[in-house]
1. Does ALA99 fit the bill of being part of a loop (DSSP other than H, G, I, E, B), assigned by TED's automatic domain parsing to the domain that holds ILE145 and crowded, with 16+ Cβ neighbours inside 10 Å?
2. Give me the pairs, please: first residue somewhere in segment 54-79 and more than 20 Å from GLY41 (Cβ to Cβ) and in contact (Cβ under 8 Å) with a residue 12 or more places away in the chain, second residue anywhere and surrounded by fewer than 16 Cβ atoms within 10 Å (Cβ to Cβ) and polar (S, T, N, Q), beta-carbon distance under 6 Å, and either six or more positions apart or on two chains.
3. Please work out which residue is nearest to GLN91 (Cα to Cα), limiting yourself to segment 40-78 and to residues that are surrounded by fewer than 19 Cβ atoms within 10 Å (Cβ to Cβ) and among the charged types (D, E, K, R).
4. So, GLU43, is that one in contact (Cβ under 8 Å) with a residue 12 or more places away in the chain, in contact with a Cys (Cβ under 6 Å, 6 or more places away or on another chain), of a type in the set (D, E, K, R) and more than 15 Å from ALA152 (Cβ to Cβ) or not?
5. Which condition number in (1) more than 16 Å from the chain's Cα centre (by Cα); (2) crowded, with 20+ Cβ neighbours inside 10 Å is the one that GLU20 fails?
6. Only one of (1) of a type in the set (S, T, N, Q); (2) outside the structural domain of LEU35 (by TED's automatic domain parsing); (3) buried (at least 20 other Cβ atoms within 10 Å of the Cβ); (4) free of Cβ contacts under 8 Å to residues at least 40 places away in the same chain fails for SER112. Which number is that?
7. Being surrounded by 16 or more Cβ atoms within 10 Å (Cβ to Cβ), hydrophobic (A, V, I, L, M, F, W, C) and in a helix (DSSP H, G or I): is that true of ILE8 here?
8. What number of residues within segment 127-151 satisfy the criterion of being in contact (Cβ under 8 Å) with a residue 60 or more places away in the chain and surrounded by fewer than 18 Cβ atoms within 10 Å (Cβ to Cβ)?
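The values are calculated or read from the model by the stated rules, or taken from the named source; none is laboratory data. Bear in mind that the values here come from a model prediction, so they are computed numbers and not experimental data. Glycine also receives a Cβ, built like all others from the backbone with ideal geometry; neighbour counts cover every protein chain displayed.
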Amino acid sequence: MTERRVSIEINGTTYDREIEPRLLLSDFIRHEAGLTGTHVGCEHGVCGACTVQMDGEPVRSCLMLAVQAEGHSLRTVEDLAAEDGTLHPLQQAFHEEHALQCGFCTPGFLMSLEPLLADARDFDDTQVREALAGNLCRCTGYQNIVTATQLAARRMAGAEDAA
């Protein structure tokens, strides 16, 4: 198969590579860019573990080819925390509210939910559950994830001081 040159921006860094046109975006992120925070679960777009943001919107990286990402800006879970290691408010809330157990699904949840928080407003349980409907977790109940998201939204709106 003829390889194709791509230039893909991930977390502000451009990765220029010669790849097979059939290479999945999830594989490009993990193997070409070396960013292993994006997890691959079902490889059918059902579990949400591979969710990244493309141009600010959550997408399933296992359902896209890497060549489709050319010309777009990608963001992975590695980009959430500050350079000094300070957690994003959503990551901190997940930690405080025990919204994870094994952690395999957590990057997908974070990348699905984080764009919601840009509005910095309160979300009710139904709104949060609708936003995370495409993400599966086999270890936890979803209530702590909902609670963590609401806590992060309140903090980002300035309604509650960070711990």
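1. In short, yes.
2. What qualifies is ASP55/SER73.
3. Among those residues, the one meeting the criterion is GLU78.
4. In short, yes.
5. Single failed check for GLU20: (2).
6. The failed condition is (4).
7. Judged against the criteria, ILE8 is not a match.
8. Here the count works out to 2.
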